[in-house]
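In what follows, a structure is listed as structure tokens, so that the remarks can point back to it.
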Amino acid sequence: MTRITHLGVVFLFFAAAAIAAENSAWTTDHRWGGIGGIFLLPDTGELWVEVEKADLNRSDKPTFMTLILFGPDRQVLDEKTIPDDGQAKGSGTGPVQHARVATTVRGVGIYGVLVTVSNDRYGENVEWGFRTNCTHYVIETARGHRDADHEEPIVLRNPDVAGDVCFVPRAGEFTIDVAEASSESGPLELFNALDEKVGELPIGSDGTGSAKFRADTVSAMEPWRLHLPKYSGSVQIDGVTRWSQKDSFRDETLWSPQKDSWFGFAAVRWMLTPYSNTIYAGTQEDGTSTFQVHNNDSRSTAVTLDIEFPEDKKWSAELDKSEVTLGPNQSTEVTLRYQLPAEGDQWECKVRAIPNDAPELATFSTFRLRRGIAPALAPLSMPLDLKPFQHENEQLGYAPSCPLTNQVYFDMNNRPVVNNGDGLSVLNDGKWPTASYTAPGSAPIRSATTKVAFDRDNGIYSIGDANGKVLLYSGDGGNHFAATAIPAPGTCDIEQFSGHNLPDGPPPFVQFNLTEKDPNLIWRRLNDMLLYLPKKEADGTVSLQEPVLITKKCIGYSGHSGMPSTIVSRGSKVHVVWAEATDPAEQVPGVPTYAATYDRETGTLGAPALIGYGPPANDVHNTPCITMDSEGYLHVLIGTHGATFKYSRSLKPNSTADGWTPAEDLGAGLRQTYVGMVCDKDDTLHVVFRLWQDDTQRFPSGIYACLAYMSKRKGEAWSAPRLLVVPPFSEYSVYYHRLTIDRKGRLFLSYDYWSTLWFYRNDHMGSRRALMMSPDSGATWKLVDSSDFAQ
């Protein structure tokens, strides 16, 4: 096997229409780089994909390769692991190892193989390849994420043979760039969907080349072909490996080395979702389940819908539509109505979607109906252990009637509300009507934060964006909203209820206005941090006064996960916490965290108090969090990025200026990030965060990022971490978690698992957000349904 000298990961491919003998020789014509997976369009009968792997042994970390074969409904049909070869770092390419995943195809549709490599999310430490008996397939090159614009170059590693890269280009003008190609190869040739030559791409003596081309019309069904006399180099194609906001198939690097293997997967991606849905009937004798039909193509299409039952097991289920017509990138819903059979405990059917102009690309979702109460409604056995393609619904029948768009907050009457992005959903008589933030005839307003805040009069507040930030206010329980313009454009954080805080007047908010980025340190930012103190006027409107400058060195606010609290108020005192950027040349133990108090009565801002440092320095991830207890003592967690959070408490109630306890670690050696903290009615502190774990029993690589929880009872030490959610894959994960508390002290945790793997994330349309709660101060947890709010 040829040794890779650049990006490391190699795909080896052989496709044959006939099934090869089990012990046939490994044959391959082409090799390429980039991990991800394969989508296949098989006929009925046996389907197999055979993979080989060789470790490059460039690292001392073990590289376990996992292969997951899945069906159209994302049922895992086979799974194999190819272990690390055990060779020492620097020993060169190791021995070749093989594994095969296989199934019997009974339901026609689009199948796939997901390939992951432990400790190697970019695939730089292994060579691997595949062959299959499936004639039609496309590859999706999809590495792990980087903290940069998403790109997925196609890396070719066979300089001794010629070959093709088949793809669907961007409509209009597009550029192809080639690097590290053979300077002796001569020009590359480009052919359109009719296989007509449209131009050449010369290769210079340095192995690079670039050329612009134009595609007046494109179709996901009809690929273009780039021919390389020597199959070597790195290829970047606009609309295929790098994207603009206008591209039809953004973030989807779909291609094939053979034009005959191509099928129009991109056009029918997400055609029918969810891929499966499990419903427990409870006490109801009938019910409904909603599916979304989506057209991912740039052309209109009609889709025929039908239900298929297992042989001799037909039961009462029907769709409200038999056909839908969709415009480009358009979606619609169809409803499956069912009646609970008199006998039996579980039933199944397939909802099939067939594009009328390409019936060979039909697919299906599986609907499962079960008698009884969903396990999701009972206390969970923690942690919740997610499996590939098997999350809360598939494992536990979680199908809540409450909105999951974002975290839930509670008004002064403990009525739950959810920010839905363009409006507010409020529980009312068992239903969740949504009131729009946009007044009739006004410019559209979208939310600029997922937080919702309240004043003593039960007024509702949030931050919106209407081509500029606005403060949103409703004085009638969320039925109508008024918008007050915020002068500056920066990110805002508004004071939300975290257990014992209640502002006098409208809730204050802070704004982070970026003034400088550091080109050498990606996470170092400088922001002007402004404190706004809204005022309710006699006519019921809300106005903004001149903001108070807190600091010009704030490092910013990292709120996508944890959603930390920057502000707590009691009476006239408004307490603010923040972290600052420092001179990179200065030796500091982390990001310095400060707190200060603004007094509404005197109109003065107190001096900042240094509370402690959160490692590493100059990292915007290290946003701190503040709350207060029933006596008014302030509690701060200093944020960190992969290190242990630090905790401090004010020495006097309702004051940042009278001293703080020494900042102390929450535990020994904890690798924590993204703090979210509340304080319950017994003054117990609760914190949820991402935690890195080493556990070779769970994952061969031993490293993964889970969602975890800790608590601190009044006068006691912090508890040991408790795992709440474990990811289906090792390596990087984030949960976009948000911890809130209701007026009774119950904990609510909204989370949305996010894997580093582009292949896995691309496969799912929309979020995977779920909501769990603890009614007993973190002792037990359960998934939330609307009935939990009625209690």
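The values are calculated or read from the model by the stated rules, or taken from the named source; none is laboratory data. Bear in mind that the values here come from a model prediction, so they are computed numbers and not experimental data. Every residue, glycine as well, gets a Cβ built from its backbone with ideal geometry; the counts of neighbours run over all protein chains shown. These area figures cover heavy atoms from the full protein model, side chains too; ligands, DNA and RNA do not enter into them. Shrake-Rupley method; radii C 1.70, N 1.55, O 1.52, S 1.80 Å.
Which of the residues belonging to segment 94-131 are among the small types (G, A, S), closer than 22 Å to W32 by Cβ and without any contact (Cβ under 8 Å) to a residue 60 or more places away in the chain?
Answer for segment 94-131, where residues must be among the small types (G, A, S), closer than 22 Å to W32 by Cβ and without any contact (Cβ under 8 Å) to a residue 60 or more places away in the chain: G94, A99.
Just to check your reading of the model, which residue among E79, E124 is out of contact with any strand residue (DSSP E or B) (no Cβ under 7 Å at 6 or more places or on another chain) and either assigned to a strand (DSSP E or B) or open to solvent by 60 Å² or more (accessible area, probe 1.4 Å) (or both)? Walk me through how you get there before you give the answer.
Details: E79 fails: out of contact with any strand residue (DSSP E or B) (no Cβ under 7 Å at 6 or more places or on another chain).
Among E79, E124, only E124 is out of contact with any strand residue (DSSP E or B) (no Cβ under 7 Å at 6 or more places or on another chain) and either assigned to a strand (DSSP E or B) or open to solvent by 60 Å² or more (accessible area, probe 1.4 Å) (or both).
Run down G499, G475 and say which single residue is out of contact with any Lys or Arg (no Cβ under 8 Å at 6 or more places or on another chain), touching a residue at least 12 places away in the same chain (Cβ under 8 Å) and of a type outside the set (A, V, I, L, M, F, W, C). Break it down stepwise before answering.
Numbers: G499 fails: out of contact with any Lys or Arg (no Cβ under 8 Å at 6 or more places or on another chain).
Exactly one residue qualifies, and that residue is G475.
Please work out which one of (1) under 16 Å from S234 (Cβ atoms); (2) open to solvent by 40 Å² or more (accessible area, probe 1.4 Å); (3) in contact with a helix residue (DSSP H, G or I) (Cβ under 7 Å, 6 or more places away or on another chain) is the condition R146 fails and give its number.
Only one criterion in (1) under 16 Å from S234 (Cβ atoms); (2) open to solvent by 40 Å² or more (accessible area, probe 1.4 Å); (3) in contact with a helix residue (DSSP H, G or I) (Cβ under 7 Å, 6 or more places away or on another chain) is unmet by R146, namely (3).
All but one of (1) part of a loop (DSSP other than H, G, I, E, B); (2) farther than 27 Å from L56 by Cα hold for E189; state the number of the condition that does not hold.
So E189 meets the others, but not (1).
Per-residue answers, yes or no, for (1) in contact with a Cys (Cβ under 7 Å, 6 or more places away or on another chain); (2) on the phi < 0 side of the Ramachandran plot:
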position	(1), (2)
A267	no, yes
T278	no, yes
A281	no, yes
T290	no, yes
V293	no, yes
E308	yes, yes
E311	no, yes
G344	no, no
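For S750, are the conditions met, namely being of a type outside the set (A, V, I, L, M, F, W, C), open to solvent by 10 Å² or more (accessible area, probe 1.4 Å) and part of a strand (DSSP E or B)?
Working: of a type outside the set (A, V, I, L, M, F, W, C): yes; open to solvent by 10 Å² or more (accessible area, probe 1.4 Å): no; part of a strand (DSSP E or B): yes.
It is false that S750 is of a type outside the set (A, V, I, L, M, F, W, C), open to solvent by 10 Å² or more (accessible area, probe 1.4 Å) and part of a strand (DSSP E or B).
Restricting attention to segment 568-597, and to residues there that are open to solvent by 30 Å² or more (accessible area, probe 1.4 Å) and touching a Ser or Thr at 6+ places or on another chain (Cβ under 9 Å), which single residue is farthest from L685 (Cα to Cα)?
Start the filter on segment 568-597 by keeping residues that are open to solvent by 30 Å² or more (accessible area, probe 1.4 Å), which leaves 570, 573, 583-589, 594.
In the following step, the residues that additionally are touching a Ser or Thr at 6+ places or on another chain (Cβ under 9 Å) were identified as 573, 588, 594.
Details: K573: 21, V588: 28, Y594: 20 Å.
Once the filter is applied, the top-ranked residue is V588.
Of all residues being open to solvent by less than 40 Å² (accessible area, probe 1.4 Å) and free of Cβ contacts under 8 Å to residues at least 40 places away in the same chain in segment 316-343, which is farthest from N277 (Cα to Cα)? Just the residue, please.
Top of the filtered list is G327.
Scanning segment 454-474 for residues that are open to solvent by 10 Å² or more (accessible area, probe 1.4 Å) and assigned to a loop (DSSP other than H, G, I, E, B), which turns out farthest from Y437 (Cα to Cα)? Break it down stepwise before answering.
Here is the first cut: in segment 454-474, the residues open to solvent by 10 Å² or more (accessible area, probe 1.4 Å) are 454, 456-458, 465-470, 473.
Narrowing the set further to residues that are assigned to a loop (DSSP other than H, G, I, E, B) leaves 456-458, 466-468.
Working: R456: 21, D457: 20, N458: 17, A466: 10, N467: 14, G468: 14 Å.
So, considering only residues that are open to solvent by 10 Å² or more (accessible area, probe 1.4 Å) and assigned to a loop (DSSP other than H, G, I, E, B), the one farthest from Y437 (Cα to Cα) is R456.
Here are some conditions: (1) more than 20 Å from F389 (Cα to Cα); (2) modelled with pLDDT of 95 or more; (3) part of a loop (DSSP other than H, G, I, E, B). M710 meets all but one. Which one does it not meet?
Every condition holds for M710 apart from (3).
What residue, of A439, A448, is within 30 Å of L530 (Cβ to Cβ), at pLDDT below 95 and not aromatic (F, W, Y)?
On the way: A448 fails: at pLDDT below 95.
Result: A439 is the single residue among A439, A448 that is within 30 Å of L530 (Cβ to Cβ), at pLDDT below 95 and not aromatic (F, W, Y).
Could you grab the pairs with beta carbons closer than 7 Å, sequence gap of 6+ or different chains, first residue in segment 43-72 and closer than 16 Å to S701 by Cα, second one of a type in the set (F, W, Y)?
These pairs meet every condition: M65/W128.
Consider S182 against the criteria (1) over 18 Å from G129 (Cβ atoms); (2) of a type in the set (G, A, S); (3) surrounded by 19 or more Cβ atoms within 10 Å (Cβ to Cβ): it satisfies all of them except one. Which criterion is unmet?
Among (1) over 18 Å from G129 (Cβ atoms); (2) of a type in the set (G, A, S); (3) surrounded by 19 or more Cβ atoms within 10 Å (Cβ to Cβ), the lone unmet condition for S182 is (3).
Just to confirm my filter: which strands (runs of 3 or more DSSP E) fall fully inside segment 209-303 and include at least 2 residues that are aliphatic (A, V, I, L, M) and under 19 Å from I154 (Cβ atoms)? If you could, list the steps in order and put the result at the bottom.
On the way: elements: 209-215, 224-228, 231-237, 276-280, 286-294.
Hits in segment 209-303: 209-215, 224-228, 231-237.
With respect to D238, determine if the residue is surrounded by 19 or more Cβ atoms within 10 Å (Cβ to Cβ) and either acidic (D, E) or without any contact (Cβ under 8 Å) to a residue 12 or more places away in the chain (or both).
Working: surrounded by 19 or more Cβ atoms within 10 Å (Cβ to Cβ): yes; either acidic (D, E) or without any contact (Cβ under 8 Å) to a residue 12 or more places away in the chain (or both): yes.
Judged against the criteria, D238 is a match.
So A378 ticks every box in (1) within 25 Å of P508 (Cα to Cα); (2) in contact (Cβ under 8 Å) with a residue 40 or more places away in the chain; (3) open to solvent by 40 Å² or more (accessible area, probe 1.4 Å) but one. Which box is left unticked?
Only one criterion in (1) within 25 Å of P508 (Cα to Cα); (2) in contact (Cβ under 8 Å) with a residue 40 or more places away in the chain; (3) open to solvent by 40 Å² or more (accessible area, probe 1.4 Å) is unmet by A378, namely (1).
Filter segment 442-453 for residues that are farther than 19 Å from V568 by Cβ and part of a loop (DSSP other than H, G, I, E, B); which is most open to solvent (accessible area, probe 1.4 Å)?
If we filter segment 442-453 for residues that are farther than 19 Å from V568 by Cβ, which is where we start, we get 442-448.
When the remaining residues are screened for being part of a loop (DSSP other than H, G, I, E, B), the result is 442-445, 448.
Working: S442: 66, A443: 56, P444: 103, I445: 16, A448: 39 Å².
Only one residue tops the list, namely P444.
Test of understanding: among G129, G112, which residue is part of a strand (DSSP E or B), closer than 29 Å to K246 by Cβ and either among the basic types (K, R) or open to solvent by less than 10 Å² (accessible area, probe 1.4 Å) (or both)?
Numbers: G129 fails: closer than 29 Å to K246 by Cβ.
Only one candidate qualifies: G112.
In segment 729-746, is there at least one residue being in contact with a helix residue (DSSP H, G or I) (Cβ under 8 Å, 6 or more places away or on another chain) and either within 30 Å of T273 (Cα to Cα) or modelled with pLDDT under 95 (or both)? Reasoning before the result, please.
Looking only at segment 729-746, we keep the residues that are in contact with a helix residue (DSSP H, G or I) (Cβ under 8 Å, 6 or more places away or on another chain), and these are 729.
Adding the requirement that they be either within 30 Å of T273 (Cα to Cα) or modelled with pLDDT under 95 (or both) leaves 729.
Checked segment 729-746: at least one residue is in contact with a helix residue (DSSP H, G or I) (Cβ under 8 Å, 6 or more places away or on another chain) and either within 30 Å of T273 (Cα to Cα) or modelled with pLDDT under 95 (or both).
Could you list, in sequence order, all residues of segment 553-566 that are surrounded by 24 or more Cβ atoms within 10 Å (Cβ to Cβ) and part of a strand (DSSP E or B)?
Matches in segment 553-566: C554, G562.
Is it the case that F265 is open to solvent by less than 40 Å² (accessible area, probe 1.4 Å), within 33 Å of the chain's Cα centre (by Cα) and either basic (K, R) or under 26 Å from H145 (Cβ atoms) (or both)? Before the answer, list the steps.
Numbers: open to solvent by less than 40 Å² (accessible area, probe 1.4 Å): yes; within 33 Å of the chain's Cα centre (by Cα): yes; either basic (K, R) or under 26 Å from H145 (Cβ atoms) (or both): yes.
It is true that F265 is open to solvent by less than 40 Å² (accessible area, probe 1.4 Å), within 33 Å of the chain's Cα centre (by Cα) and either basic (K, R) or under 26 Å from H145 (Cβ atoms) (or both).
Does segment 400-434 hold any residues that are farther than 17 Å from V784 by Cβ, of a type outside the set (D, E) and open to solvent by 30 Å² or more (accessible area, probe 1.4 Å), and which are they? Break it down into steps so the answer makes sense when it comes.
Here is the first cut: in segment 400-434, the ones farther than 17 Å from V784 by Cβ are 411-413, 421-424, 428-429, 433-434.
From the residues that got through so far, the ones that are of a type outside the set (D, E) too are 412-413, 421, 423-424, 428, 433-434.
Within segment 400-434, M412, N413, N428, P433, T434 meet the criteria.
Inside segment 624-647, can you point out the residues that are open to solvent by 10 Å² or more (accessible area, probe 1.4 Å), among the polar types (S, T, N, Q) and within 18 Å of P589 (Cα to Cα)?
The one that is open to solvent by 10 Å² or more (accessible area, probe 1.4 Å), among the polar types (S, T, N, Q) and within 18 Å of P589 (Cα to Cα): T644.
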